[in-house]
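Everything below concerns the one structure shown next.
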Amino acid sequence: MKTVLMEEMSFLQIKTAMEAGYKTAIIVLGATEQHGYHLPLGVDSMLGLVLAQKLAAELGNALVAPAIPIGLSYAHMNFVGSLTCRWTTLIAIIEDYVQSYVCNGFERIIFLPSHLGNFQAVETFASEAGAKYPGVKFACCLNFEMMGKLDEKSLQEDGVEPNVAGAHAGESETSQMLAFYPQLVDMALAEAGFIGSYMERREKMRDEGIQVLAVNGILGDARPATAKRGENIVRRMVEAMAEDVRRKFAE
């Protein structure tokens with residue numbers, strides 16, 4: 001196949017792929033929100049699709065659904081262009097995706113939340129989906145625990161300080177964008193934002209908006225970013241996700 005992205009395939013190509021055993025659908029749950037002056041609004045969805053395509057290649061039997069490009073982004077609404085939705089709206093969209101793909105005949109569904117704000121909602125849905133759809137297997141391949149372990153390992157191996165890598169639009173996300181969407185990154189505008197413990201101020205940011213921590217919307221420092229580092233981050237994530245999905249589907 002030339003692509004595993006369903007939006008780039010005809011229905012006949014998808015049907016043929018499914019008949020050949022491609023009965024796993026990967027659903028990316030991204031966002032549309034500010035990422036500083038130097039990155040586009042679609043970072044989470046774009047990087048999610050990169051991860052999904054690489055995960056599909058690693059698994060060998062998966063197709064990638066069109067990304068859900070809106071998520072829970074309340075903290076970014078002071079920045080023009082950002083979008084957010086209600087928890088109930090996101091759950092309803094996920095439900096509609098799942099119902100559609102179950103109707104199509106997919107037997108395994110992988111949720112890939114590439115926006116941190118979506119993690120809890122997606123995990124909640126995934127934990128309950130098996131009972132609603134007997135015979136269909138579900139897996140959520142990213143969560144806070146896994147991201148924490150991956151970040152710790154990645155930072156140690158690459159020699160990057162956690163507060164520089166950052167939780168939003170810092171070195172980590174900027175490096176990934178340089179690796180896979182360099183034409184959309186303006187490093188001349190890359191800056192440092194909030195350099196501190198994000199977790200200690202997470203509730204304040206959630207309640208009042210990210211601008212109370214950083215007027216440029218950055219948690220971390222985007223300036224040290226490199227494409228090589230972005231490639232390393234994505235490689236480690238795909239390896240970990242593939243291992244996790246295989247384990248969950250084998251249970």
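Miscellaneous remarks
- The set of residues in the range 12-26 being farther than 11 Å from GLU107 by Cα and charged (D, E, K, R) consists of LYS15, GLU19.
- Selection within the range 150-171 - touching a residue at least 60 places away in the same chain (Cβ under 8 Å) and either of a type in the set (Asp, Glu) or touching a Lys or Arg at 6+ places or on another chain (Cβ under 8 Å) (or both): LEU150, LYS153, SER154, GLU157, ASP158, VAL160
- Some residue of the range 77-92 being under 29 Å from GLN211 (Cβ atoms), in contact (Cβ under 8 Å) with a residue 24 or more places away in the chain and among the hydroxyl-bearing types (Ser, Thr, Tyr): yes
- The range 9-28, subset assigned to a loop (DSSP other than H, G, I, E, B) and in contact with a strand residue (DSSP E or B) (Cβ under 7 Å, 6 or more places away or on another chain), residue nearest to LYS248 (Cα to Cα): LYS23
- Applying a threshold of 7 Å to beta carbon distances and a minimum spacing of six or more residues, or different chains, the list of pairs starting in the range 234-249 at a residue that is surrounded by 16 or more Cβ atoms within 10 Å (Cβ to Cβ) and ending at one that is of a type in the set (Lys, Arg) reads VAL234/LYS54; ARG236/LYS153; VAL238/LYS54.
- Any hit, the range 131-146, residues being modelled with pLDDT of 95 or more, of a type in the set (D, E, K, R), more than 16 Å from the chain's Cα centre (by Cα) and within 22 Å of ALA67 (Cβ to Cβ): yes
- Unmet criterion (only one of (1) under 18 Å from ARG247 (Cβ atoms); (2) modelled with pLDDT of 95 or more) for GLN99: (1)
- Of everything listed in (1) touching a residue at least 60 places away in the same chain (Cβ under 8 Å); (2) in a helix (DSSP H, G or I); (3) crowded, with 21+ Cβ neighbours inside 10 Å, the single unmet condition for GLY217 is (2).
- Positions within the range 105-123 being without any contact (Cβ under 8 Å) to a residue 40 or more places away in the chain and more than 16 Å from the chain's Cα centre (by Cα), in sequence order: none
- Annotation note: of LEU184, LEU155, LEU150, LEU112, the sole residue that is touching a Cys at 6+ places or on another chain (Cβ under 8 Å), within 24 Å of ARG235 (Cβ to Cβ) and not polar (S, T, N, Q) is LEU112.
- Unique match (being at pLDDT 95 or above, hydrophobic (A, V, I, L, M, F, W, C) and buried (at least 20 other Cβ atoms within 10 Å of the Cβ)) among LEU5, LEU83, LEU72, LEU12: LEU72
- For LYS204: the one exception among (1) crowded, with 18+ Cβ neighbours inside 10 Å; (2) under 21 Å from ASN78 (Cα atoms): (1)
- Condition check for GLY60: among the small types (Gly, Ala, Ser) and crowded, with 23+ Cβ neighbours inside 10 Å: no
The values are calculated or read from the model by the stated rules, or taken from the named source; none is laboratory data. Values in this document were obtained by computation on a predicted structure and should not be read as measured data. All Cβ positions, even for glycine, are placed from backbone atoms using ideal geometry, and neighbour counts span all protein chains on display.
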